[in-house]
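Since the structure comes first, as structure tokens, the remarks are kept for the end.
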Amino acid sequence: MTRKPVDDRDNLLADVAEMYFIEGLNQASISKRIGVTRSMVSRMLTEARQKGIVRIHVERHFEYIQPLQQQLISEFGLVDAVVFRGYVEDSFRYLARLGTAAAKALQPYLLPEITLGTAWGTALDATINALEPQNLVDVRIVQLVGALRGRNLEIDGHGVVQNLVKTIGGEGHFLNVPYIVDSPETVEALGKVPGVRETMKVMKECNVGLFGVGSAEMDYSTFYSGGYLIADEMRGLIQYGAVGNVCGLFFNLDGEPTAKEFQRRSFTISRRDLMKIPVRIGIAGGLGKVNAILGALRGKYINILITDSVTSRAILEEIY
């Protein structure tokens, strides 16, 4: 095989990828074929993945636990519950599994002309990574929570909307304000900005919502670990009885809104508008989130739950 010219780089990367992934040649054999070093072949395979020339898809077959699903649906009046068997301690592997289950559950709702509202977080990022690329028509994807002050842009609201648009198509609507501001008056003033007002109008038209369920416990809170809220702010929320949040809306174990003074300084979809979204999918798992999920279920913040069997049993044990 002769080397491709430099201006045909993508075809060369595709050739290398085919030799490695389809023909089964090792990197040493490929390096001899195309006249480059083995380390360069390795870099070319990495570049092919980064450019999207190579896409790796792992088809995981889940075992769903029907009795647990039915118990959750019956107990909390849910539209649906997806409970897959098992739980892994490794957080990266667990998130990948949770995201795959959520992507499968979300797929039937990804229809032309929907308005999909999203929040932020690692569970949403894992879900987007597991979605099959598609090109939906006349879809709007809207950010429901103001921007956070952490450094991980992939899991922030802007990043989630951008990545969803890249994956499934549609038009992104961004909420270009911070989540937390200095006063309720600032929230009111920002709400009058034309671009913000337009996004808030789209929020009210959502027919599908996709959320994580956040914990208020500092050991399990991405708000805290990601640097979005400082320790004193988290302690203040806990003192008000907060156990978790959906879309930055905090609630207690009974699902009742709490930390009202804090919430008056936060820019997010209102609880009233959230409850009007017909399909509200909550993605969460892990024993550290049991109370948060239970509060979200009792408060009706979500009506479809995606989780694992260990977490589900712990939730049900809390109420029986």
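Couple of notes before you dig in:
- Note on 272, 33, 97: ascending count of other Cβ atoms within 10 Å places them as 272, 33, 97, the fewest first.
- Normalising the average separation of contacting C-alpha pairs (under 8 angstrom, six or more residues apart) by the number of residues puts the relative contact order of the range 6-50 at 40 percent.
- Entry for Cα Rg over 2.2 N^0.38 Å (calculated from the structure that is shown) out of (1) 1.12; (2) 1.76; (3) 1.22: (1)
- Beta bridge orientation in the chain: antiparallel %, DSSP, nearest 5: 25
- Helical mean residue ellipticity (222 nm; -39500 (n - 2.57) per DSSP H run of 4+; nearest 500) of the chain: -12000 deg cm²/dmol
- Helix axis angle, 38-50 relative to the chain longest principal axis, alpha carbon, degrees: 40
- Seen against the Cα atoms of the chain and their longest principal axis, helix 309-319 is set at about 0 degrees.
- Residue 11-residue 42 pseudo-label distance in nm [points 7 Å out on the Cα-to-Cβ vector]: 2.9
- Spatial offset of the range 69-134 relative to the range 275-292 amounts to 10 Å, using the alpha carbon center of each.
- 0 to 90° range, to nearest 10: angle between helix 91-106 axis and the chain longest Cα axis: 80
- Burial ordering of 320, 301, 220, fewest other beta-carbon atoms within 10 Å first: 320, 220, 301
- In this rough spin-label picture, where each label sits 7 Å from Cα along the Cβ direction, the residue 186-residue 313 distance is 4.7 nm.
- As a rough footprinting exposure proxy, the listed residues 289, 32 were ranked by other beta carbons within 10 Å of their own, and the order from fewest upward is 32, 289.
- Non-local Lys pairs in the chain, i.e. 8 or more apart or on different chains, that have alpha carbons under 17 Å apart: 8
- Relative contact order, percent, the range 66-319 [alpha-carbon distance under 8 Å, six or more residues apart]: 23
- Per-residue Karplus couplings for the range 244-255, computed as 6.51 cos²θ - 1.76 cosθ + 1.60 with θ equal to phi - 60°, are listed in order as x, 8, 10, 6, x, 9, 8, 9, 8, 5, 8, x Hz, Gly and Pro entered as x.
Throughout, read-outs are computed from the coordinates displayed, never taken from laboratory work. It should be emphasised that the depicted structure is a prediction, and the values quoted were computed from it without experimental measurement. Methodologically, a virtual Cβ is constructed for each residue, glycine included, from the backbone with ideal geometry; neighbour enumeration extends over all protein chains shown.
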